[in-house]
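The values are calculated or read from the model by the stated rules, or taken from the named source; none is laboratory data. Everything numeric in this text was worked out from a predicted model, so none of it was measured. Quick reminder, even Gly has a Cβ in these numbers, built from the backbone with ideal geometry, and neighbours come from all protein chains shown. Quick note on the areas: whole protein, heavy atoms, side chains included, nothing else; ligands and nucleic acids left out. Shrake-Rupley method; radii C 1.70, N 1.55, O 1.52, S 1.80 Å.
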Amino acid sequence: MKIKTKLTFGVGSLFLMIFLLAALSGWYVNRLKKDTANILTANYNTLLYAKNMLLALEEIPVEKTAFTSFEVNLDKQRKNVTEVGEQQTTNAIAKHFLQLKDKPLDVTVVSSIRKDIALLMEQNMTAISRKSILADHTAEHAILVISFAGALCFIIAFILLVNLPSNIADPIARLTASIRQIAGLNYKERIDLQSSGEFTELAASFNSMAEKLEEYAESKLEKILKEKKRIESLVDNMRDPVIGFDEDRRVIFVNEEALRITNLHKDQLLGRSALAVSEENDLARDIFKDLFVPAANREKNAIKIYADDRESYFEKDVIDINVLQTGELEPKLIGQVVILKNITPFKELDLAKTNFIGTVSHEFKTPIAAIQMGVQLLENEQIGPLNTEQLTLLNGIKDDSSRLLQITGELLNMTQVESGSIQINLHATEIQPIIEYAVMANQFAANQKNIHFAIEIAPTVKSIIADNEKTAWVLTNFLSNAVRYSYEDSVIHIAVENIGLKTRFIVKDNGQGIEAKYLEKIFARYFRVPGSKKGGTGLGLSISKEFIEAQGGEIGVESDYGAGSSFYFSLRSVASNEK
Ligand code: ADP
């Protein structure tokens, strides 16, 4: 049965019961009222008239008005005849009263009238008693019927009270509980509300929804599991070692390759924090240390690991996994992945290349020196005079051979830097000889372009802690670049000044300058600004950087494109107590 029907029926029947009860009570009360009214009008009035007639009879014939009073009451009685036999009694009274009018002193007529009136009274008193019994019956009947109807009302109301609220509230409570189960991802939840009208339909809809959700969740779970397996086997089959971490830096996956090179067991890594593993294992510490460093500050140094029965090199890449979650504005870090790229073959090739360049440059030095010696002998004209054309050719050979020597020198330095075998001899060094050496080395080239060097050494400048050979090399390189990229008839400023505990060397030219976009790259190996003069190797500044940084100094450049450049390096000054 529908809830609406149930409610209508329940409340409706209660309403009907109340109405019935009220109608029944009203009807009975009305009946009782009628009964008593009947006694009053029909019998009580007769008794009153009879009493008045008796009183009037007592005063006849003494009182003249007694006849009139008797007659008035007799008339009233005539109109109030209600009982069986009352008419005859009233007629008898009237007949005897007429006789009394003729013979007022006749005692027998008075006695007859008295008897008639007594009979009339008796007839009415009997009627009162009968009617009173009847009223009693009516009252009893009314009590019985009303009690019965009341009890019926009470029973129906009680049944409704017990059943109706629970009939509506129970299915709602069950539905609420089931919805909570679904919200808690228990899609197996079903409800059975067979006998509850509309709730049966609601339950059917709910069950079909839960079924669909269950199907969807199962298919989604299956899909996710498949994807997970796919990704796991993908990671496992990767040639590069891969280790994944969650947001708390706990290892959540590691592939076979990573286990192999770290020589660790899965149990030693999976589920454990990077910190805990680092404490136990030096290699792990080296690999994991970048997890704790912000992305911008991570070093890109290769890690040396003894794997595959030889020294292997791995480039470490730490990737932060940031995800923008639904409804959020900022991406959140949900984990990190460390990928180690095996660069051993490249390292080996690089080493072979460095060795090759080193050997070739070394081998070149002897023949170049021989060429230069031959040129010198020819210049001295010991083996005969040279004509002008021969002298021009000889100068060309001299220039080329010294350039060749410079290039081989740079290449040799580079091989030294690359193989990590720079020998730095730091000691207190005078500044003046370094500047003189660099100026002298570039004087010839400067003279050819009519370029002058303006040297300015601040009076506070003292000695520096440096490897004087390497430092002189760097300054020479700065000056040779300045000369090469300056216009003719210009001045190159060499300044030395104190900045805090350091001494800064500045070489400032008024040449073409360098575009801002190249300033960052200029110290990179083999980099040359596009369109630069031919003849350079792009190695000078990178070697300079290595030489200065190996001494604990800093190197840099400032340039105003079109107006000149200012190259500088700083090294530690000798403190007054170190002298
Ligand atoms: P190289 O001079 O052999 O090309 P360097 O490493 O010494 O190599 O210099 C790299 C590049 O920097 C040069 O090719 C040149 O384009 C630019 N450069 C260096 N010094 C200057 C300078 N003083 N003025 C303008 N450009 C310069």
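Values computed for the structure shown
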read-out	value
Accessible surface, 1.4 Å probe, highest first, among residues Leu391, Leu275	Leu275, Leu391
Estimated distance in nm for a label pair at Glu222 and Leu275, the labels positioned 7 Å out from Cα along Cα-to-Cβ	4.4 nm
If the convex hull is drawn through the Cα atoms of region 106-155, its volume per residue in Å³	31 Å³
For region 76-178: Kirkwood Rh in Å [reciprocal of mean 1/r, alpha carbons]	19.5 Å
Whole-Hz couplings from phi, Karplus 6.51/-1.76/1.60, listed for region 447-464; x for Gly and Pro	4, 4, 9, 6, 9, 10, 9, 10, 9, 9, 10, 4, x, 6, 5, 10, 6, 10
Between helix 3-38 and the chain: long-axis angle, C-alpha atoms, 0 to 90°, nearest 10	20 degrees
Helical mean residue ellipticity (222 nm; -39500 (n - 2.57) per DSSP H run of 4+; nearest 500) of the chain	-20500 deg cm²/dmol
Two-decimal log10 I(q)/I(0) for the chain, as the Debye equation yields it once each C-alpha is a single scatterer, q = 0.10 Å⁻¹	-1.07
Region 256-341: GluC sites (Glu not before Pro) in DSSP loop, at most 11 other beta carbons within 10 Å	Glu299, Glu328
If the convex hull is drawn through the Cα atoms of region 393-502, its volume per residue in Å³	122 Å³
Amide H partners (placed H, <5 Å) of Asn255, local residues excluded	Val242
Per-bin percent of Cα-Cα distances, region 151-285 [10 Å]	10, 23, 15, 14, 14, 11, 7, 4, 2, 0
Karplus-derived HN-Hα couplings along region 88-105 (A = 6.51, B = -1.76, C = 1.60, θ = phi - 60°), whole Hz, x at Gly and Pro	5, 4, 5, 4, 4, 4, 5, 4, 5, 5, 4, 5, 5, 4, 6, 10, x, 9
Vicinal HN-Hα couplings computed from phi for region 288-302 (Karplus, 6.51 cos²θ - 1.76 cosθ + 1.60; Hz; Gly/Pro x)	8, 4, 6, 4, 8, 9, x, 3, 5, 9, 6, 7, 10, 6, 7
Size of electric dipole in the chain: Cβ of Lys, Arg +1 and of Asp, Glu -1, about Cα centre, debye, nearest 20	3100 debye
Cα lying deepest toward the dipole's positive end in the chain, options Ala370, Gly513, Tyr313, charges on Cβ	Tyr313
Nitroxide proxy distance, nm - points 7 Å out along Cα→Cβ at Tyr487 and Gln372	3.4 nm
